[in-house]
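All remarks here apply to the structure that follows.
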Ligand code: ADP
Ligand code: MG
């Protein structure tokens, strides 16, 4: 659920701060905490009528509560993609959501693969989800998730040798080489 994802991100605050201090300006862990706490508060204090409403609200909260580049990227992409599930949550609408989310991150961040960002973790995950559905839509949900997580791990790891080309981390020149991108690691979590 969204609340348990928020809990896992909260538990990773220190790791994410450490990663952003190695390559950027050390604010990412705090940004994530602010976003995760505000999302949990909102989910606990409100009733929702539909899944797209939940996603839209989560996106809106991430934009308003997180500072830094990542809040708008995570939040606006979620708001924009939320209508993909307005006719219900099933394998094709989830994949449509993921693709829309990915496309929004690419557009708003004007980012492509290899810039050492969250996009490097998002893109392989979405491609694997889509590909499995195209090849065989009878694969179990657990198996699809497991494959998508593997792709995401691969994507997050692939940022290690790269030099950051976006966000604050791009100001640190070559310092980012040899460390994973914090945004990509947060996507994996
Ligand atoms: P900032 O770089 O402004 O300090 P945060 O610390 O909130 O932003 O978030 C850093 C993360 O945001 C990075 O690790 C990277 O994954 C992601 N990011 C930053 N800029 C971009 C961009 N233009 N496109 C995609 N992702 C980005
Ligand atoms: Mg930062």
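The values are calculated or read from the model by the stated rules, or taken from the named source; none is laboratory data. Fair warning: this is a prediction, and the values are worked out from it, not measured in the lab. Ideal geometry is used to build each Cβ from the backbone, glycine not excepted, and the neighbour counts take in all protein chains shown.
One table, with the values for the structure above:
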quantity: Index of the failed condition, residue 41 passing every other in (1) surrounded by fewer than 16 Cβ atoms within 10 Å (Cβ to Cβ); (2) away from ligand 1 (no atom under 13 Å from the Cβ); (3) touching a residue at least 12 places away in the same chain (Cβ under 8 Å); calculated: (3)
quantity: Residues located in segment 1-25, provided they are assigned to a loop (DSSP other than H, G, I, E, B) and closer than 17 Å to residue 166 by Cβ; calculated: 24, 25
quantity: Residues satisfying the stated conditions in segment 138-159, i.e. in a loop (DSSP other than H, G, I, E, B) and in contact with a helix residue (DSSP H, G or I) (Cβ under 7 Å, 6 or more places away or on another chain); calculated: 139, 159
quantity: Pairs where the first residue, in segment 68-93, is at negative phi and the second is at pLDDT below 95 and within 16 Å of ligand 1 (Cβ to nearest atom), C-beta under 7 Å, 6+ apart; calculated: 69/167
quantity: Some residue of segment 130-147 being within 16 Å of ligand 1 (Cβ to nearest atom), touching a residue at least 12 places away in the same chain (Cβ under 8 Å) and either closer than 20 Å to residue 77 by Cα or within 16 Å of the chain's Cα centre (by Cα) (or both); calculated: no
quantity: Which listed residue, of 54, 58, is more than 16 Å from ligand 2 (Cβ to nearest atom), crowded, with 21+ Cβ neighbours inside 10 Å and either free of Cβ contacts under 8 Å to residues at least 60 places away in the same chain or assigned to a helix (DSSP H, G or I) (or both); calculated: 58
quantity: Qualifying position, being away from ligand 2 (no atom under 16 Å from the Cβ), touching a helix residue (DSSP H, G or I) at 6+ places or on another chain (Cβ under 9 Å), outside any helix (DSSP H, G or I) and touching a residue at least 12 places away in the same chain (Cβ under 8 Å), among 127, 113, 162; calculated: 162
